[in-house]
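Enquirer: Once you've had a glance at the structure underneath, I'll fire off some questions.
The values are calculated or read from the model by the stated rules, or taken from the named source; none is laboratory data. Keep in mind the model is a prediction, meaning the values are calculated, not measured. Please note: Cβ atoms are built from the backbone with ideal geometry, for glycine as well, and neighbour counts cover all protein chains shown.
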Amino acid sequence: MSTQPQPAPAAATPVRRITAPQIGARKGGEPIVSLTSYHSHTAAIVDKFADFILVGDSLGMVMHGMDSTVGVPLDLMIMHGKAVVRGTKRALIVVDMPFGSYEESPNVAFRNAAKIMKETGCGAVKLEGGSRMAETIHFLTQRGIPVMAHTGLTPQSSHVLGGFKTQGRNEDSWPAHEEDARAVDEAGAFAVVLEGMVEPLAAKITKQIAIPTIGIGASVDCDGQILVLEDMLGLNPWTPKFVKVYGQLGPMIEQAVSDYAAEVKSRTFPGPEQTYR
């Protein structure tokens with residue numbers, strides 16, 4: 001029997017979170033994968049595959065039954081942001097700034113963005129708006145807040161837009177959308193979401209700016225893609241045209257609940273395997 005000392009087992013390499021600058025450096029490279037998540041258990045699953053996870057203010061509609069994202073309060077975003085951070089190890093976590101938390105002034109935006117980052121532990125925030133928010137984006141990034149921008153269809157402005165309307169159908173509007181994208185790029189955003197935008201316009205913007213574009217209802221030529229998790233899992237009764245449904249969890253859950261209810265009523269659940277002797 002050998003008396004030679006055995007080498008100590010190698011320590012596991014710690015998992016390092018993806019950072020906002022790393023996402024920004026992916027321009028023109030391998031496509032960036034992203035999904036939304038609002039709670040720890042789904043975030044832990046998405047974390048294995050996504051480069052960044054967005055805690056979107058869409059949670060107001062998806063999780064809380066609101067008619068739009070306008071009514072989502074800051075504290076609700078922070079609560080869900082904490083849950084997603086707890087459930088993940090590697091993906092960059094980006095938390096949406098809700099309506100009313102950043103539009104008033106750059107100072108107000110900084111105060112609320114800093115609160116989000118300190119209380120959730122997320123790595124970046126996202127806010128809606130192009131040229132009109134460039135000053136605020138610059139103010140935040142100069143003070144240590146990584147910002148993901150969002151142009152095209154901006155759900156928080158749905159009342160002004162007259163609903164959730166595809167942007168860029170009239171080619172005369174293209175220059176304004178292009179200027180929005182250039183403005184957030186120059187202001188210091190590390191990436192920009194292009195939502196609900198006609199494909200040729202999104203493809204054109206992607207070629208024009210230096211930061212990655214993240215498409216949702218935009219173009220396959222974008223540098224990355226994002227979907228609402230519940231949409232692509234078939235959990236919502238209605239899905240937009242741009243969503244591909246990758247699973248049908250809604251009918252599966254309904255069947256499981258139906259089976260459970262039937263077994264409770266027939267007194268076959270709990271059975272011997274589910275009770276203590």
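Enquirer: For residues in region 224-277 being polar (S, T, N, Q) and touching a residue at least 60 places away in the same chain (Cβ under 8 Å), which is farthest from P212 (Cα to Cα)?
Expert: N236
Enquirer: Scan region 116-128 for residues that are free of Cβ contacts under 8 Å to residues at least 40 places away in the same chain and assigned to a strand (DSSP E or B) and jot them down.
Expert: V125
Enquirer: Report yes if some residue within region 59-73 is polar (S, T, N, Q), within 30 Å of Q208 (Cβ to Cβ) and in contact with an Asp or Glu (Cβ under 8 Å, 6 or more places away or on another chain); otherwise report no.
Expert: yes
Enquirer: Please work out which one of (1) free of Cβ contacts under 8 Å to residues at least 60 places away in the same chain; (2) of a type in the set (F, W, Y); (3) out of contact with any Leu (no Cβ under 6 Å at 6 or more places or on another chain) is the condition W174 fails and give its number.
Expert: The single condition W174 does not satisfy is (3).
Enquirer: When you check S101 against the structure, is it touching a helix residue (DSSP H, G or I) at 6+ places or on another chain (Cβ under 8 Å), over 15 Å from H41 (Cβ atoms), of a type in the set (G, A, S) and at pLDDT below 95, yes or no? Spell out the reasoning first.
Expert: Details: touching a helix residue (DSSP H, G or I) at 6+ places or on another chain (Cβ under 8 Å): yes; over 15 Å from H41 (Cβ atoms): yes; of a type in the set (G, A, S): yes; at pLDDT below 95: no.
No; evaluated as a whole, the condition is false for this residue.
Enquirer: May I ask you to list the residues in region 72-82 that are crowded, with 24+ Cβ neighbours inside 10 Å and either hydrophobic (A, V, I, L, M, F, W, C) or outside the structural domain of A191 (by TED's automatic domain parsing) (or both)?
Expert: Correct list: V72, M77.
To keep it simple, each residue is scored yes or no on (1) part of a loop (DSSP other than H, G, I, E, B); (2) aromatic (F, W, Y); (3) surrounded by fewer than 18 Cβ atoms within 10 Å (Cβ to Cβ).
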position: D67; (1), (2), (3): yes, no, yes
position: V70; (1), (2), (3): yes, no, yes
position: V84; (1), (2), (3): no, no, no
position: K89; (1), (2), (3): yes, no, yes
position: G100; (1), (2), (3): yes, no, yes
position: E104; (1), (2), (3): yes, no, yes
position: A114; (1), (2), (3): no, no, yes
position: E135; (1), (2), (3): no, no, yes
position: H150; (1), (2), (3): no, no, no
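Enquirer: Can you tell me which of F52, F110 is assigned by TED's automatic domain parsing to the domain that holds E179 and over 14 Å from the mean Cα position of the chain (by Cα)?
Expert: From the options F52, F110, the qualifying one is F110.
Enquirer: Related question: Right, I145: part of a helix (DSSP H, G or I), within 15 Å of A20 (Cβ to Cβ) and assigned by TED's automatic domain parsing to the domain that holds T213 or not? Steps first, please.
Expert: Working: part of a helix (DSSP H, G or I): no; within 15 Å of A20 (Cβ to Cβ): yes; assigned by TED's automatic domain parsing to the domain that holds T213: yes.
No; evaluated as a whole, the condition is false for this residue.
Enquirer: Condition (residue is closer than 18 Å to M61 by Cα, in contact with a Ser or Thr (Cβ under 8 Å, 6 or more places away or on another chain), aromatic (F, W, Y) and assigned by TED's automatic domain parsing to the domain that holds Y38) applied to region 225-239: is it met by at least one residue?
Expert: The answer is no; no qualifying residue exists.
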